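Values quoted throughout were computed directly from the atomic coordinates according to the rules given, and no laboratory measurement underlies them. Because the structure is predicted, anything quoted here is derived from the model rather than measured. Cβ placement follows ideal geometry from the backbone for every residue including glycine, while neighbour counts extend to all protein chains displayed.
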Amino acid sequence: MNAMHYTIGELAKVVNLSTDAIRYYEEVGLLLPHHVDPVNRYRYYTPEQIGRITEIIEWKECGLTLEEIGDMLGGADLDKRQEIFQQRLADMLDKEARLARSILLLQKRIAALKGASTEMKMVLIIDDSEFVRQCIADVLERQGWTVAGSVPDGEQGLELYGRQQPDVVVLDIGLEGMDGIQVLKNIRQQDPNAKVVMCSGRGTPEVVQECLMSGAAEFVAKPFLPHVLADAVAAAVQSPAAG
């Protein structure tokens, strides 16, 4: 390496990039060699170009697109630079918020697993849709639950609850005959410590409030994501006993 020019291999070592990456930046017009030897076609770069490629690397790490990097290198005015940086900052903050939600979800699941008993947990599913009952069973069985019963109406649900005494009930509101709210109240009369997760496609504040006031431990709006249902059931198990 001489004092004024670097080969592509030397440049790659200085900026800690592969030669392929440098060639790619050349192909898209972000970096051009200072000189190309007409005989051996070797590319040579100046120390100033080290600063240019360092800027490219930094802006890539900030999430700028190649077009935006081109604008920056091309002498974008102050307003344009501010617009680009603000947009990338907004994108990064959004990703950070989504990551924080994912971390919180994992922490809740870990806490639920630590607090859960090593004994097999049983769940009773009461929903008038066979498809929904199967979906709920699939989700909870993957979480280690045993389905104590899966029935389409409140009468069968109450009878099974009395016989099986499950740890949690997943109960739909919109049942034929006896509706889910009445089934919930009857279950709580049998067992004041019953843990019931109510489900409904009508997740209005009034419906949620009625369920909780009637003794439900948790409420899940339909359609629900698997992890939402699993978290609600885990939270119901950990909810305090009555009285």
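What number of residues in region 123-155 are aliphatic (A, V, I, L, M) and either surrounded by fewer than 16 Cβ atoms within 10 Å (Cβ to Cβ) or more than 17 Å from residue 225 (Cβ to Cβ) (or both)?
Total satisfying the criteria: 7.
Checking the condition of a type in the set (Lys, Arg) and assigned to a loop (DSSP other than H, G, I, E, B), which residue from 41, 52, 23 passes?
Selected residue: 41, the only one of 41, 52, 23 that is of a type in the set (Lys, Arg) and assigned to a loop (DSSP other than H, G, I, E, B).
So if I check each of 240, 205, 226, which one is in contact (Cβ under 8 Å) with a residue 24 or more places away in the chain and either over 30 Å from residue 107 (Cβ atoms) or not aliphatic (A, V, I, L, M) (or both)?
Exactly one of 240, 205, 226 is in contact (Cβ under 8 Å) with a residue 24 or more places away in the chain and either over 30 Å from residue 107 (Cβ atoms) or not aliphatic (A, V, I, L, M) (or both), namely 226.
In region 1-43, which residues are out of contact with any helix residue (DSSP H, G or I) (no Cβ under 9 Å at 6 or more places or on another chain) and among the aliphatic types (A, V, I, L, M)?
Within region 1-43, 36, 39 qualify.
Give region 70-98 a look and list any residue that's within 24 Å of residue 50 (Cβ to Cβ) and surrounded by 12 or more Cβ atoms within 10 Å (Cβ to Cβ), or say none.
Across region 70-98, the qualifying residues are 70, 71, 72, 73, 76, 81, 84, 85, 88.
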